[in-house]
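Novice: This structure is in structure tokens; I'll ask about it shortly.
The values are calculated or read from the model by the stated rules, or taken from the named source; none is laboratory data. This one's a predicted model, so the numbers in the text were calculated from it and none came from an experiment. Cβ atoms come from the backbone with ideal geometry, glycine included; neighbour counts cover every protein chain shown. Accessible surface is based on the protein model in full, side chains and every heavy atom, while ligands, DNA and RNA are left aside. Shrake-Rupley method; radii C 1.70, N 1.55, O 1.52, S 1.80 Å.
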Amino acid sequence: MKTRILASLALGSFLAASAAVAAASDVTGTIKTIDPAAHIVTLSDGITYTLAADFKAAGFKAAEKVVLSWEMDGTVHKALSMTQAS
């Protein structure tokens, strides 16, 4: 009985940690470089994010302050959305 309870608790902890890692995060930063053809944006902190293939990056330029919503996709920082910061 104790073994089943401990196993259930361990599995629950693992699932909760996995869900937290998959959750989207927001970051506010300044665009260092943006490559619309490659669907990549790098912020001034050096982190590179991959944009969706259908993302319209033409309205963004280097030195612009943005809010980027992202999540990890394996080892890739995957941008979910990017908007101009106010």
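Novice: Which of the numbered conditions does ALA62 fail, given that it passes all the others? Conditions: (1) under 11 Å from GLN84 (Cα atoms); (2) in a loop (DSSP other than H, G, I, E, B).
Specialist: (1)
Novice: Could we say that ALA52 is open to solvent by less than 50 Å² (accessible area, probe 1.4 Å) and not in a strand (DSSP E or B) here?
Specialist: Considered against the rule, which asks whether it is open to solvent by less than 50 Å² (accessible area, probe 1.4 Å) and not in a strand (DSSP E or B), ALA52 comes out as yes.
Novice: Does the range 36-46 hold any residues that are over 16 Å from THR83 (Cα atoms) and open to solvent by less than 60 Å² (accessible area, probe 1.4 Å), and which are they?
Specialist: ALA38, GLY46
Conditions tested, residue by residue: (1) at pLDDT below 95; (2) surrounded by 10 or more Cβ atoms within 10 Å (Cβ to Cβ); (3) part of a helix (DSSP H, G or I).
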| site | (1), (2), (3) |
| --- | --- |
| THR3 | yes, no, yes |
| LEU6 | yes, yes, yes |
| VAL21 | yes, no, yes |
| VAL27 | no, yes, no |
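Novice: Is there any pair linking a residue in the range 48-69 that is at positive phi to one that is in a strand (DSSP E or B), with Cβ under 8 Å and at least six apart or on different chains, and which?
Specialist: ALA63/THR30; ALA63/ILE31
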